[in-house]
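Undergrad: Mind having a look at this structure? Questions to follow.
A short reminder: the numbers here are calculations on the coordinates, not readings from a lab. The structure displayed is predicted, hence computed values, not measured ones. As a convention, Cβ positions derive from the backbone with ideal geometry for all residues, glycine included, and neighbour counts pool all protein chains shown.
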Amino acid sequence: MASFLGWTLDAFDFFVLVFLIDTLAVQFHVAKSAIVETFFYTLVMRPVGALLFGLLADRYGRRKPLMLNVVFFSVIELLCGFAWNYQVFLILRTIYGIGMGGEWGIGASLAMESAPAKWRGVFSGIVQCGYSIGYLLAAVAARFILPYWGWRAMFWIGGVPALLAFYIRLRVRESEAWKQHRMPGFGAIVRTATGHWKTFSYLIVLMTLMMFLSHGTQDLYPDFLKTSHGVSLSWVSYIAILYNIGAVLGAIVFGHLSEHIGRRRAFIAALVLALVMIPPWAFSNSLALLAAGAFLLQAGVQGAWGIIPAHLNELSPDAVRGLVPGLAYQLGILFAARTNSIEYALSHRLGYAWALGIFETVTIAILIVVVALGPEKKGKSFMRNAVQAAGT
């Protein structure tokens, strides 16, 4: 629950901005492209957060760094609502990226180390779908808070997640797997991580492509609907709610499926679903078909993502499970940080639909090859003594 809520609330704080591109451009007297650019600065700082909080998680445990992280990103999000010009807003969104980058690695390792191996795929999907639920909640806020309370309130409610730290403090137990593999210092953590550089490199490539997939299909889609199809903000919000419901279902279904047919086969099945949904998602003229395509495409996109927490944690070395999955995840963000800017620039040359459609078709095709040729360690034990782990 702590891992799921942490990722949900972190994602909410990030996705609030996708519904405010036009509003903030007018508020701060800048071009829309300048607001889109703030996504880049948020994303590019996420590896910094993954490194800092990942080192803390492997050295001092999962609980305290997770509490610190939640408070950090919540406070920065709250302050975004007080920004008085574009420069201040840009600085705050950049700092926010550090907090966002630190949450996933700690939360995923805590959840995967706490889950029984046979339920790891389901829990993986549940944790990861927090990202889609955060997006869904941002869409709800855009529909019911923005019109009545204004854009600042959208960020102010982002300070609420700080209360999650109290729940973590009172109810969450420290990871037994971390206690067994605890490293003596930061130097040992770094040496262990760099000693597995081949696995780490593969995970970075995988996560870079996954970031092209998720951010390329999500971040600019509300603007695409408004710009290319003249859809009103209220209807954009409803469509975003719908396709995030599809994303939640996809994450849980394909996460569960990965326990039966393996991580890679379930992964590829989800990617194929996303691939065949690109035509209705990008090229339909009917609002109903656009919505249906978005629903099923995001079921595939987040279906693949639902497998990621389990897959990355199983492939990572035991002693650096707080650092390696999260840092690979966020370095993928770093290398894919220009996704929105690239797609937005391509939209001026090719048209919005072709820019989105071509970019994602190529991404999915490459991803299928990378996943098919990659390793898998489904069901790997995270404890030194499997009998003790079962008893615990």
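Undergrad: Suppose we keep only residues that are surrounded by fewer than 18 Cβ atoms within 10 Å (Cβ to Cβ) and among the hydrophobic types (A, V, I, L, M, F, W, C) within region 371-382. Which one would you say is farthest from residue 215 (Cα to Cα)?
TA: The first filter runs over region 371-382 and keeps only residues surrounded by fewer than 18 Cβ atoms within 10 Å (Cβ to Cβ), leaving 372-377, 379-381.
Still in the running and among the hydrophobic types (A, V, I, L, M, F, W, C): 372-373.
On the way: 372: 22, 373: 24 Å.
So, considering only residues that are surrounded by fewer than 18 Cβ atoms within 10 Å (Cβ to Cβ) and among the hydrophobic types (A, V, I, L, M, F, W, C), the one farthest from residue 215 (Cα to Cα) is 373.
Undergrad: Filter region 338-370 for residues that are crowded, with 22+ Cβ neighbours inside 10 Å and either polar (S, T, N, Q) or not in a helix (DSSP H, G or I) (or both) and give the result.
TA: Hits for region 338-370 are 339, 340, 363.
Undergrad: Here is a further query. Filtering region 280-306 down to residues that are touching a residue at least 60 places away in the same chain (Cβ under 8 Å) and more than 15 Å from residue 246 (Cα to Cα), which residue is surrounded by the most Cβ atoms within 10 Å (Cβ to Cβ)?
TA: 282
Undergrad: Out of 260, 311, which single residue is over 30 Å from residue 53 (Cα atoms) and either aliphatic (A, V, I, L, M) or assigned to a helix (DSSP H, G or I) (or both)? Please lay out each step first, then the result.
TA: On the way: 311 fails: over 30 Å from residue 53 (Cα atoms).
Unique residue meeting the criteria: 260.
Undergrad: Can you work out which of the residues in region 77-98 that are in contact with a Gly (Cβ under 6 Å, 6 or more places away or on another chain) and under 19 Å from residue 138 (Cα atoms) is surrounded by the most Cβ atoms within 10 Å (Cβ to Cβ)? Give the steps one after another, and end with the answer.
TA: Of the residues in region 77-98, the ones in contact with a Gly (Cβ under 6 Å, 6 or more places away or on another chain) are 77-78, 98.
With under 19 Å from residue 138 (Cα atoms) added as a condition, the list becomes 77-78.
Values: 77: 29, 78: 19.
Here the answer is 77.
Undergrad: Would you point out which residue out of 206, 164 is surrounded by 17 or more Cβ atoms within 10 Å (Cβ to Cβ), more than 18 Å from residue 307 (Cα to Cα) and either in contact with a strand residue (DSSP E or B) (Cβ under 7 Å, 6 or more places away or on another chain) or touching a residue at least 24 places away in the same chain (Cβ under 8 Å) (or both)? I'd like the intermediate steps shown before the answer.
TA: On the way: 206 fails: more than 18 Å from residue 307 (Cα to Cα).
Just one listed residue meets the conditions, 164.
Undergrad: Closer than 25 Å to residue 131 by Cα and either surrounded by fewer than 23 Cβ atoms within 10 Å (Cβ to Cβ) or in contact with a Pro (Cβ under 9 Å, 6 or more places away or on another chain) (or both): which single residue out of 179, 226, 198 fits that description? Working first, answer last.
TA: Numbers: 179 fails: closer than 25 Å to residue 131 by Cα; 198 fails: closer than 25 Å to residue 131 by Cα.
So the residue among 179, 226, 198 that is closer than 25 Å to residue 131 by Cα and either surrounded by fewer than 23 Cβ atoms within 10 Å (Cβ to Cβ) or in contact with a Pro (Cβ under 9 Å, 6 or more places away or on another chain) (or both) is 226.
Undergrad: May I ask you to verify whether residue 51 is surrounded by fewer than 24 Cβ atoms within 10 Å (Cβ to Cβ) and closer than 30 Å to residue 186 by Cα? Give the steps one after another, and end with the answer.
TA: On the way: surrounded by fewer than 24 Cβ atoms within 10 Å (Cβ to Cβ): yes; closer than 30 Å to residue 186 by Cα: yes.
Taking the combined requirement at face value, the residue satisfies it.
Undergrad: Looking at region 68-87, is at least one residue at positive phi, of a type outside the set (S, T, N, Q), out of contact with any strand residue (DSSP E or B) (no Cβ under 8 Å at 6 or more places or on another chain) and not in a helix (DSSP H, G or I)? It would help to see each step written out before you state the result.
TA: Of the residues in region 68-87, the ones at positive phi are none.
No.
Undergrad: Conditions first: (1) out of contact with any Gly (no Cβ under 6 Å at 6 or more places or on another chain); (2) surrounded by fewer than 21 Cβ atoms within 10 Å (Cβ to Cβ). Residue 309 passes all but one, so which condition is the exception?
TA: If we test residue 309 against (1) out of contact with any Gly (no Cβ under 6 Å at 6 or more places or on another chain); (2) surrounded by fewer than 21 Cβ atoms within 10 Å (Cβ to Cβ), just (2) comes out false.
Undergrad: Which numbered condition in (1) more than 21 Å from residue 170 (Cα to Cα); (2) out of contact with any Leu (no Cβ under 8 Å at 6 or more places or on another chain) is the only one that residue 72 fails?
TA: Evaluating residue 72 over (1) more than 21 Å from residue 170 (Cα to Cα); (2) out of contact with any Leu (no Cβ under 8 Å at 6 or more places or on another chain) leaves (1) as the failure.
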